[in-house]
Amino acid sequence: MDEGPRPWDVARARHPAPPSPPTGDGTPRASRVTLSQVMAISDANPWGNVHGGTIMKLVDTAGALAAVRHAKSRVVTAVIDQMTFEAPVHVGDLVELSARLTWAGRTSMEVQVTVVAEEVVTARRRITSVAYVVYVALDQNGQPRPVPPFAPQTPEEQRRWRAAEERRAARLRAREEHATP
């Protein structure tokens, strides 16, 4: 006995899923990730400011997703190279995190994550944090594995690549300085 279309089939036909993001082409666009979350009382201190650690966890989540999209494998956080807290985030703010790959080497990748807080009622938006996080791609045994080539396309993406190369060189110099007795 035919009961007709099921409600979820009707909903799917009316509202098809958006197309999947392009993946695997090595461009910054293919690894881009945006996360949004409303900040709750449990995320904040007694004065209503969201804890920096809460923002850092969201940054790491968004950054790791961008790295996974590029590497097509699991990743581990290797370095939080830099993170700024330029303005507070408050309870009730809608926090939007945008993550983009800026550089890729043999097994590691740098991701820039920008945090924007929006006062939902007024639609006032402000950048609250920017972070640069380095991830290492892992194989099924938990060992570093090569990542696909990364190809910055636009002049802005190429500028970000050069800046990432400078940050990488500074990290390597600092590692050498700390290793030398």
Where Arg124 falls short, out of the listed (1) modelled with pLDDT of 95 or more; (2) within 17 Å of Leu65 (Cα to Cα); (3) out of contact with any Ser or Thr (no Cβ under 7 Å at 6 or more places or on another chain): (2)
Output for segment 104-132, where each listed residue is in a strand (DSSP E or B), farther than 25 Å from Ala40 by Cα and of a type in the set (Val, Ile, Thr): Val111
Residue within segment 95-106 that is among the basic types (Lys, Arg), more than 15 Å from Ala131 (Cα to Cα) and modelled with pLDDT under 95 present: no
Residue within segment 144-162 that is β-branched (Val, Ile, Thr), out of contact with any His (no Cβ under 9 Å at 6 or more places or on another chain), closer than 20 Å to Ala67 by Cβ and not in a helix (DSSP H, G or I) present: no
Count of segment 50-76 residues which are loosely packed, with under 15 Cβ neighbours inside 10 Å, out of contact with any strand residue (DSSP E or B) (no Cβ under 6 Å at 6 or more places or on another chain) and not small (Gly, Ala, Ser): 3
Test: residue in segment 167-181 that is in contact (Cβ under 8 Å) with a residue 12 or more places away in the chain and either buried (at least 20 other Cβ atoms within 10 Å of the Cβ) or in contact with a Ser or Thr (Cβ under 6 Å, 6 or more places away or on another chain) (or both): no
Any hit, segment 128-147, residues being buried (at least 20 other Cβ atoms within 10 Å of the Cβ), modelled with pLDDT under 95 and closer than 20 Å to Asp81 by Cα: no
Within segment 55-94, tally of residues that are among the polar types (S, T, N, Q) and more than 12 Å from Val134 (Cα to Cα): 3
Flag for Glu96 being part of a helix (DSSP H, G or I) and of a type outside the set (Phe, Trp, Tyr): no
Hey, Ala137 over 24 Å from Gly52 (Cβ atoms) and over 18 Å from the mean Cα position of the chain (by Cα) or not: no
Those residues of segment 1-50 which are within 30 Å of Phe150 (Cβ to Cβ), hydroxyl-bearing (Ser, Thr, Tyr) and modelled with pLDDT of 75 or more, in sequence order: Ser31, Thr34, Ser36
Checklist (1) under 18 Å from the mean Cα position of the chain (by Cα); (2) closer than 29 Å to Met39 by Cβ; (3) surrounded by fewer than 20 Cβ atoms within 10 Å (Cβ to Cβ); (4) touching a residue at least 24 places away in the same chain (Cβ under 8 Å) applied to Glu119, failing item: (1)
Enumeration of residues in segment 27-53 that are in contact (Cβ under 8 Å) with a residue 24 or more places away in the chain and more than 13 Å from Arg100 (Cβ to Cβ): Ser36, Gln37, Val38, Met39, Ala40, Ile41, Asp43, Ala44, Gly48, Asn49, Val50, Gly52
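The values are calculated or read from the model by the stated rules, or taken from the named source; none is laboratory data. Just so we're clear, the structure is a prediction, and the values are computed from it rather than from any experiment. Backbone-built Cβ (ideal geometry, glycine too); neighbour counts: all protein chains shown.
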